[in-house]
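Engineer: Can you read through this structure? Questions will come right after.
The values are calculated or read from the model by the stated rules, or taken from the named source; none is laboratory data. Everything numeric here is computed off the predicted structure, so don't read it as measured data. So basically every Cβ, Gly included, is an ideal-geometry build from the backbone, and we count neighbours across all protein chains shown. In case anyone asks, the SASA skips ligands and DNA or RNA and just uses the protein heavy atoms, side chains included. Shrake-Rupley method; radii C 1.70, N 1.55, O 1.52, S 1.80 Å.
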Amino acid sequence: MDSFTNDSSTMKQIRDKHFVPYITSDKITERIKALAAQINEDYKGKNPLLIGVLNGAFMFVGELFKHLEIDCEITFIRVSSYHSTESSGQVKQIIGLKESIQGRPCIIVEDIVDTGLTMQEVLGQLASQKPDSLKIMTLLHKPDALKVPLKVDYVGFEIENRFVVGYGLDYDGLGRNLDGIYVLRSDS
Ligand code: 5GP
């Protein structure tokens, strides 16, 4: 049997784990359109730089970008700190930022804020480059999992402290291509 089942049944098996539907793709698209409308409003005439955090945010930032009607630019960074279903708590350096962000309005776009440790680190490293402003947007936010004080400016969905996959988020490399968000079944 394949290690990744992506058929029309509602439950998804990814390797040894079972995931059930949590947020539908229609709801995600609707919410992203609303976030884009907010950015169109807040950043009119400001030419913001969106900084997508790879790999998880690629689908989110792609959909968001399609609905931005203002002048805006996009770049991607990579930070890896997470293995399997538990946060390692170890945060590495930002890699991949080629352009100068000095004096620019920037929006970091993440897939999920869990403990907040990754975002705190990213925020600190980018802030040291003196952008004009630096805001945080995340598709998913687990407020109960936060371990550091963090102001998240734009949130797609606040979710429970449970492990999710889909829409760019993976379990052990798989599941990113699911068009909705799925949550780990409690008996998994
Ligand atoms: P934090 O540093 O906030 O604890 O974790 C941030 C990173 O951990 C996210 O960018 C993501 O890669 C990963 N992560 C946190 N929670 C989840 C989750 O529920 N599912 C998946 N697939 N990744 C998660």
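Engineer: Can you give the net charge of the other residues whose Cβ lies under 13 Å from the Cβ of Leu97, counting K and R as +1 and D and E as -1? Show your work: numbers first, answer last.
Structural biologist: On the way: positive: Arg78, Lys98, Arg104; negative: Glu73, Glu99.
So the surrounding residues net to +1.
Engineer: Can I ask one more? Please work out the Kirkwood hydrodynamic radius for the chain, using every pair of different C-alpha atoms, and report it in angstroms with one decimal place. Let's see the in-between values first.
Structural biologist: On the way: mean 1/r = 0.0587 Å⁻¹.
Result for the chain stands at 17.0 Å.
Engineer: Please build a GNM for the chain, connecting alpha carbons under 10 Å apart, and tell me which residue among Asp16, Asp114, Asp170 fluctuates the most.
Structural biologist: With Cα springs under 10 Å in the chain, the top fluctuation among Asp16, Asp114, Asp170 is at Asp16.
Engineer: With θ taken as phi - 60° and the coefficients 6.51, -1.76 and 1.60, list the Karplus ³J(HN,Hα) couplings across region 64-69 in order, rounded to whole Hz; mark glycine and proline as x.
Structural biologist: 4, 4, 4, 9, 8, 10
Engineer: Shifting gears a bit: How much length is gained if the chain between Ile94 and Glu41 is pulled fully straight, taking 0.36 nm per residue apart and subtracting their Cα-Cα distance, in nm to one decimal? Numbers along the way, then the final one.
Structural biologist: Numbers: separation 53, 0.36 × 53 = 19.08 nm, distance 2.91 nm.
Taking Ile94 through Glu41 to full extension adds about 16.2 nm, to one decimal.
Engineer: Right, here's the next one. Give me the percent of DSSP beta bridges within the chain that run antiparallel, rounded to the nearest 5.
Structural biologist: Numbers: 15 of 37 bridges.
Counting only bridges with both partners in the chain, antiparallel ones make up about 40 percent.
Engineer: For region 25-30, what does the Karplus curve 6.51 cos²θ - 1.76 cosθ + 1.60, with θ = phi - 60°, yield as ³J(HN,Hα) per residue in whole Hz, taken in order and with x for Gly and Pro?
Structural biologist: 5, 4, 5, 5, 4, 4
Engineer: Next question. What accessible area per residue comes out for the chain, rounded to a whole number of Å², with a 1.4 Å probe? Mind dumping the intermediate values first?
Structural biologist: Details: 9590 Å² over 188 residues.
With all protein chains present, the chain gives 51 Å² per residue.
Engineer: Still on this structure, I have one more. Out of Val164, Val148, Val109, any idea which swings most in a Gaussian network model of the chain, alpha carbons joined below 10 Å?
Structural biologist: So, out of Val164, Val148, Val109, the one fluctuating most is Val148.
Engineer: Please report, in debye to the nearest 20, how large the charge dipole of the chain is about its Cα centre when each Lys and Arg carries +1 at its beta carbon and each Asp and Glu carries -1 there. Don't skip to the end; give the middle numbers.
Structural biologist: Numbers: 21 positive and 26 negative charges, 75 e Å.
Computed about the Cα centre, the dipole is about 360 debye.
Engineer: Around Leu134, which amide H atoms from residues at least 5 apart in sequence, or from another chain, sit under 5 Å from its own amide H, with H modelled in the peptide plane?
Structural biologist: Amide H to amide H, under 5 Å and 5 or more residues apart or across chains, Leu134 pairs with Cys106.
Engineer: Taking all pairs of different Cα atoms in region 114-156, averaging 1/r and flipping that mean, what Kirkwood radius in angstroms comes out?
Structural biologist: Details: mean 1/r = 0.0915 Å⁻¹.
Evaluated over region 114-156, this radius sits at 10.9 Å.
Engineer: OK, next. With springs only between Cα atoms under 10 Å apart, run a GNM on the chain and tell me which of Ile77, Ile95, Ile159 wobbles the most.
Structural biologist: Highest fluctuation among the options: Ile95.
Engineer: Moving on to the next point. Counting only protein heavy atoms and a 1.4 Å probe, tell me what percentage of the chain's accessible area is made up of carbon and sulfur.
Structural biologist: 46 percent
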